[in-house]
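Notes to accompany the following structure.
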Amino acid sequence: GAVVSQHPSRVICKSGTSVKIECRSLDFQATTMFWYRQFPKQSLMLMATSNEGSKATYEQGVEKDKFLINHASLTLSTLTVTSAHPEDSSFYICSASEYTSGINEQFFGPGTRLTVL
Amino acid sequence: AQSVTQLGSHVSVSEGALVLLRCNYSSSVPPYLFWYVQYPNQGLQLLLKYTTGATLVKGINGFEAEFKKSETSFHLTKPSAHMSDAAEYFCAVKPGYSSASKIIFGSGTRLSIRP
């Protein structure tokens with residue numbers, strides 16, 4: 001099946017710094033990628049939908065200036081957490097959409113654990 | 001609006017026993033339905049999916065699920081639990097056909113296996 005990677009898998013940063021997380025589709029081209037946030041023992045919360053070459057669509061309540069998303073190519077989307085604070089600590093998961101088996105299926109990355117000190 | 005309800009945030013079964021994780025959905029259009037498994041500090045792995053056709057869907061690791069339109073359910077089962085099945089399981093519905101339509105996740109069910 002299609003493979004999606006994320007880098008880094010784990011990052012620790014100081015409060016006030018910015019952190020960039022990469023999401024790559026390794027063996028397919030993804031016109032659409034999604035970014036999720038997951039708090040401990042909770043489900044995935046969709047943050048934004050990213051389309052190649054256009055601005056991301058953010059879910060209600062997600063600060064677009066806080067979470068910058070860039071989908072510069074068909075295989076790469078990045079999420080930058082700007083001026084990170086401890087409350088931004090979370091598990092961030094991306095997914096990439098590919099048309100397969102008759103549907104547009106999402107394939108998920110392994111996640112990035114962000115800890116803001 | 002679409003939604004997914006997973007009954008039971010935590011299910012515990014003995015090794016070798018039947019696993020049943022419940023999922024009900026609501027969707028205004030024919031849904032695509034999914035079950036994902038998540039191990040600690042990892043991403044989601046697709047267990048199985050229903051798109052069209054046969055309502056009994058077989059997935060990886062011996063899991064299967066049955067789409068019951070009349071009951072708006074998509075319960076996940078496995079005849080005999082294994083210790084390695086301990087994980088978090090998410091039911092999800094995708095209400096559209098385009099690449100941009102969103103997957104809606106249930107709240108998850110943590111499966112524990114007793115020796």
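The values are calculated or read from the model by the stated rules, or taken from the named source; none is laboratory data. Quick caveat, the model's predicted, so the values are computed rather than measured. Cβ: placed from backbone, ideal geometry, glycine included. Neighbour counts: every protein chain shown.
For the range A:72-88, filtering for residues that are within 14 Å of chain B (Cβ to nearest Cβ) and either at positive phi or more than 10 Å from the chain's Cα centre (by Cα) (or both) leaves 1.
Residue-wise test of (1) part of a loop (DSSP other than H, G, I, E, B); (2) within 22 Å of A:K41 (Cβ to Cβ); (3) more than 11 Å from chain A (Cβ to nearest Cβ).
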| position | (1), (2), (3) |
| --- | --- |
| B:V4 | no, yes, no |
| B:V29 | yes, no, yes |
| B:L47 | no, yes, yes |
| B:V57 | no, no, yes |
| B:A65 | no, no, yes |
| B:S80 | yes, no, yes |
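Candidates are the residues of the range B:82-115 that are hydrophobic (A, V, I, L, M, F, W, C), at pLDDT 95 or above and more than 12 Å from B:F34 (Cβ to Cβ); the one that is surrounded by the fewest Cβ atoms within 10 Å (Cβ to Cβ) is B:M83.
Scanning the range A:20-35 for residues that are part of a strand (DSSP E or B), surrounded by fewer than 24 Cβ atoms within 10 Å (Cβ to Cβ) and facing another protein chain (nearest Cβ under 10 Å) turns up just one, A:T32.
The set of residues from the range B:29-54 being modelled with pLDDT of 90 or more, surrounded by fewer than 20 Cβ atoms within 10 Å (Cβ to Cβ) and of a type in the set (S, T, N, Q) comprises just one member, B:Q45. Of all residues in the range B:55-81, those satisfying the criterion of being out of contact with any strand residue (DSSP E or B) (no Cβ under 7 Å at 6 or more places or on another chain) and either among the hydrophobic types (A, V, I, L, M, F, W, C) or modelled with pLDDT of 95 or more (or both) are B:P79, B:S80.
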